[in-house]
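First the structure, in the form of structure tokens, and then the observations on it.
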Amino acid sequence: MRRLGPVGGALFAAALACSAPAASQGFNWRAQDGQTVNLMFNNHPWSQAMRDMVAEFTAKTGIRARIEIFNEEQFRARLTTLMQGRSADMDVFMTLTSREGAVFHRAGWYADLAPMMADKALTTPDFNYEDFGASIRQASTFGQQVVALPINQEGPLFYWRKDIFERCKIAEPNALEDIPAAAAAIKTCDSSQGAWAARGIRGVTPYALAAFIYNLGGSFAMPDGKPGLSQPNSVRGLEMYSNLLKDFGPPGALNHTFTQVIELLGQGRVAMTHESSNEFANIVRFPNRAQDLGVKVLPPGRDTKISKPVAIGWTLAISANSRRQQAAWLFLQWATSREVQAKLVQAGVAPPRASVFEGEEFNAWAKEVPIRRAWADALIEIGRTGTGVYQSPTDRVPEARDIIGGAMQAIVQGRATPIDAARAADAELAKLQ
Amino acid sequence: MARSRISNSFRWMAAPALIFAGSMIAFPFGYAIWLSLSDVQLGSEPRFIGFGNFRRMFADEEFWNGLRLTLLLYVVSLSLQLVLGTWLGLLLARFQSARGLVRTVMVSPFMLPPVVVGMMAIVILDPSFGVANWLLAKVGLPPALWLSDPNTVMLTIAGLDTWQWTPFVALIVMGGYLSLPHDVFEAAEMDGASGWTRLRFVTLPLLAPTLITAAVLRSVDVLRFFDIIYLTTQGGPGTASTTLNILAYRRGFEFFELGYASAIMVTLSAIVFGTVLLFARLRKAVAW
């Protein structure tokens with residue numbers, strides 16, 4: 001073996017010194033090979049698609065993933081129990097940061113993703129956090145702490161049956177005020193046809209109600225930040241939503257959430273609804289709905305010209321109690337990667353990455369069926385103009401939304417006039433501030 | 001004597017099991033009491049506030065509404081189940097043929113998980129696409145709102161619970177009836193007592209301890225009734241089915257007020273415990 005000279009030896013030593021840190025800093029998908037991560041998801045089209053795809057993650061990283069999926073109520077109960085007990089059993093969970101982010105952040109439930117994101121040894125070079133829209137990133141950032149990564153974007157959209165409108169010679173609603181008029185016209189044209197369905201359960205109603213208030217020029221807050229449901233334009237929005245449900249909604253509407261609404265629309269029992277973009281894939285699975293349905297953002301107020309839809313997104317967070325945070329971080333990167341999001345589009349999950357939304361695969365998929373294009377355009381619009389705020393300012397968001405939904409129920413049940421219901425709600429909301 | 005000494009010397013061996021079982025009961029209950037006396041914010045240590053949560057609870061309209069609904073459900077469900085269960089149990093006791101098959105059929109409703117019963121109720125009773133209204137229409141009756149009307153929701157829930165648990169009471173009654181001394185009934189018959197008189201003055205008094213056992217078992221369940229209500233109405237419409245259990249769940253798991261939710265649950269536990277004690281006294285009074 002040829003011996004190195006003094007210069008060669010020095011060069012070899014220098015090369016070793018340089019290469020050793022470079023090797024340790026390089027990102028490696030298999031760095032946590034053999035680990036197991038526990039994932040807890042809310043029942044959602046994203047979760048169901050993920051359950052079918054997770055084997056690809058294991059093949060890529062060598063990490064086993066155990067997935068638990070619960071309905072939203074059970075999911076929240078289990079999450080609260082595990083986190084309050086500081087359990088390390090769960091590594092990754094879905095969270096709606098626009099709803100509970102402030103409370104969970106204050107409770108210290110979220111691991112901070114920012115340091116992991118900044119570490120080149122832990123984060124794949126093509127991760128590109130800026131590919132997520134600024135408003136989506138903002139919703140999951142508290143101070144300097146990034147608490148979650150977006151997995152979808154969604155918001156309520158206006159769905160209507162074009163064939164029924166055509167049969168009854170009713171024009172497509174282009175202003176919000178056209179919707180009650182169209183509902184009345186449908187009842188006159190065919191009394192056996194349901195005209196309208198929407199959410200009626202208290203806590204979930206503001207999601208669908210908010211755009212009625214915003215588009216008519218109202219808001220949930222006064223200029224000074226105090227609750228503003230009793231402002232004249234807010235009351236108009238609240239009244240329109242409540243009256244649609246009362247006068248044209250299905251019987252028992254106050255016990256309905258998206259599951260019943262989608263069933264009614266899918267089965268052809270109602271002609272219009274304002275329901276989540278997420279449910280698009282489920283709706284068009286019903287026979288004929290892909291052909292006879294129209295979908296767009298809720299029309300603006302006729303006089304106000306305001307169109308301010310709700311736009312939110314589910315996110316993935318790592319538990320602060322997790323002992324496998326690096327393996328969990330690999331899962332987050334994989335699940336939010338461009339490649340995975342492009343596949344999730346097939347399951348009707350709207351991608352939060354701009355590069356996927358604007359990419360060829362997504363556009364090719366959207367072009368296949370006209371209603372897909374309409375859905376995609378509506379999502380682009382809510383991403384541009386939407387807001388994630390649909391309650392008066394407070395950290396106690398779930399409670400605030402429950403109170404607002406309660407005001408709507410009081411009107412539908414005839415227990416209060418719109419203005420009285422709104423004033424009573426504002427008084428309750430003020431206690432949460 | 002020797003046997004007694006031996007058994008005494010081995011009694012300590014039961015201690016670990018007793019300590020384990022005792023602590024499994026005492027710890028969660030003690031923790032719930034501690035939480036009920038504390039202000040609990042997510043992620044932080046509970047802060048002791050004495051009876052603050054209870055003071056708030058007694059001033060809370062939702063609590064009184066929840067208590068009223070809990071007691072309404074309890075009275076309606078228990079009454080229906082005891083009356084129908086007794087009738088069904090006595091009927092079955094006379095059924096000689098295919099008794100095994102009948103018992104199997106009887107057991108099936110309460111073998112169903114509450115989630116299944118809740119989902120069945122949603123599908124059957126939905127006013128828009130449920131089969132119940134379709135059947136009503138077939139016989140010329142007007143449609144009902146069932147779980148969607150604040151005036152009928154609690155009766156509908158009581159009906160669901162009665163459907164599921166009446167067979168359970170019936171089986172207890174049947175077992176109790178078959179173990180009664182038959183010479184008493186023969187003597188009553190020879191004395192010329194009519195069927196109704198025998199039921200009122202012989203059968204029911206003799207069955208009283210059995211009925212109270214059934215009442216205790218059902219009381220504990222009905223007062224804690226949660227799953228089917230949550231699945232079908234989530235406490236609505238409005239707060240028309242927000243029983244104490246539902247209220248505590250919402251406060252604890254939806255609004256993260258764990259201290260206040262614990263105060264409600266401790267109060268409900270005291271009601272359950274008090275009811276069981278009352279029935280225990282009653283059982284002693286009717287023992288024969």
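Derivation of every value follows stated rules applied to the coordinates shown; laboratory data play no part. Model, not experiment: these values are computed from the prediction. Reconstructed Cβ throughout: ideal geometry from the backbone, glycine too, with neighbour counts over all protein chains shown.
Counting only alpha carbon atoms, the long axis of helix A:232-248 and the longest principal axis of chain A meet at about 70°.
Against the main long axis of the alpha-carbon atoms of chain A, helix A:72-84 sits at an angle near 40°.
Using θ = phi - 60° in the Karplus curve 6.51 cos²θ - 1.76 cosθ + 1.60, the 3J(HN,Hα) couplings for the range B:155-165 round to 5, 5, 5, 4, x, 4, 5, 5, 4, 6, 10 Hz; x is entered for Gly and Pro. Which FRET efficiency value, to the nearest 0.05, is calculated for residue A:339 and residue A:48 with the Förster distance at 22 angstrom and r the Cβ-Cβ distance? Taking R0 as 22 Å, the efficiency between residue A:339 and residue A:48 is 0.70.
Take the Cβ-Cβ distance between residue B:278 and residue A:163 as r, set R0 to 60 Å, and report the resulting FRET efficiency rounded to the nearest 0.05. Can you show the working numbers first?
Numbers: r = 63 Å, r/R0 = 1.05.
In this case the efficiency is close to 0.45.
Sorted fewest first by neighbouring Cβ atoms within 10 angstrom, B:154, B:174 come out as B:154, B:174.
For the pair residue B:51 and residue A:29, what calculated FRET efficiency results from E = 1/(1 + (r/R0)^6), where r is the Cβ-Cβ distance and R0 = 41 Å, to the nearest 0.05? E between residue A:29 and residue B:51, to the nearest 0.05, is 0.15.
Size descriptor for chain B, Kirkwood hydrodynamic radius: 22.3 Å (Cα pairs only, one decimal).
Can you tell me, using C-alpha contacts under 8 Å and at least 6 residues apart, the relative contact order of chain A as a whole percent?
Across chain A, relative contact order equals 23 percent.
Distance between the pseudo-spin-label points of residue B:31 and residue A:178 (7 Å out from Cα toward the beta carbon): 5.7 nm. Legend: Rg and Dmax of the range A:332-427, from Cα coordinates, 19.6, 53 Å.
Counted over the protein assembly as shown, the DSSP beta bridges are approximately 65% antiparallel. Counting every other Cβ atom within 10 Å of each residue's Cβ, B:212, B:157 order from fewest to most as B:212, B:157.
Chain A gives an Rg/Rh value of 1.06, both radii derived from C-alpha positions and Rh following Kirkwood.
Could you tell me whether the range B:1-120 comes out rounded, prolate or oblate from its Cα gyration tensor? Rule is a ≥ b ≥ c as square roots of the eigenvalues, rounded for a/c under 1.5, then prolate if a/b exceeds b/c, otherwise oblate. The shape class here is oblate.
Considering only B:190, B:262, B:122, whose Cα is most displaced toward the positive end of the charge dipole of the range B:54-286, charges sitting on Cβ of Lys, Arg (+1) and Asp, Glu (-1)? Result: B:190.
Springs between Cα atoms under 10 Å define the GNM used for chain A, and in it the highest mean-square fluctuation of A:160, A:314, A:29 occurs at A:29.
Per-residue ellipticity at 222 nm computed for chain A from its helices equals -14500 deg cm²/dmol, with DSSP H segments shorter than 4 residues left out and the rest contributing -39,500 (n - 2.57).
Based on the alpha-carbon gyration tensor of the range B:192-271 and its eigenvalue square roots a ≥ b ≥ c, which shape applies: rounded if a/c is under 1.5, prolate if not and a/b is larger than b/c, or oblate? It would help to have the intermediate numbers written out before the result.
On the way: a/c = 5.08, a/b = 2.71, b/c = 1.87.
Prolate, since a/c reaches 1.5 and a/b exceeds b/c.
Derived value for the range B:92-168: Kirkwood hydrodynamic radius 14.2 Å. Basis is the mean of 1/r over every pair of different alpha-carbon atoms. Each of B:173, B:143, B:73 was scored by the projection of its Cα onto the charge dipole of the range B:54-286, and the greatest displacement toward the positive side belongs to B:173; charges sit on the C-beta of Lys, Arg, Asp and Glu. Using the Cβ of residue B:221 as centre and a radius below 12 Å, the other residues enclosed give a net charge of 0, where K and R count +1 and D and E count -1. Residues whose amide H comes within less than 5 Å of that of residue B:39, counting only those at least five positions distant or on another chain, are B:47, B:48, B:49 (H built at 1.01 Å from N in the peptide plane). Label-to-label distance for residue B:204 and residue A:417 is 5.3 nm, based on points extended 7 Å past Cα in the beta-carbon direction.
Between residue A:395 and residue B:185, the distance separating the two model label sites (each 7 Å from Cα on the Cα→Cβ line) works out to 6.7 nm. With a 10 Å cut-off around each Cβ of B:247-260, the average count of Cβ atoms from other chains is 4.
Could you list A:213, B:271 so that the one with the fewest beta carbons within 10 Å of its beta carbon is first and the one with the most is last?
So the residues, fewest neighbours to most, are B:271, A:213.
Coupling constants for the range A:97-113 follow from the phi torsions by the Karplus curve (6.51 cos²θ - 1.76 cosθ + 1.60, θ = phi - 60°), and in residue order they are 4, 5, 9, 10, x, 4, 5, 5, 5, 5, 6, x, 7, 8, 6, 7, 8 Hz; glycine and proline get x.
Charged neighbours of residue B:197, selected by a Cβ distance under 12 Å, balance to 0 (K, R count +1; D, E count -1).
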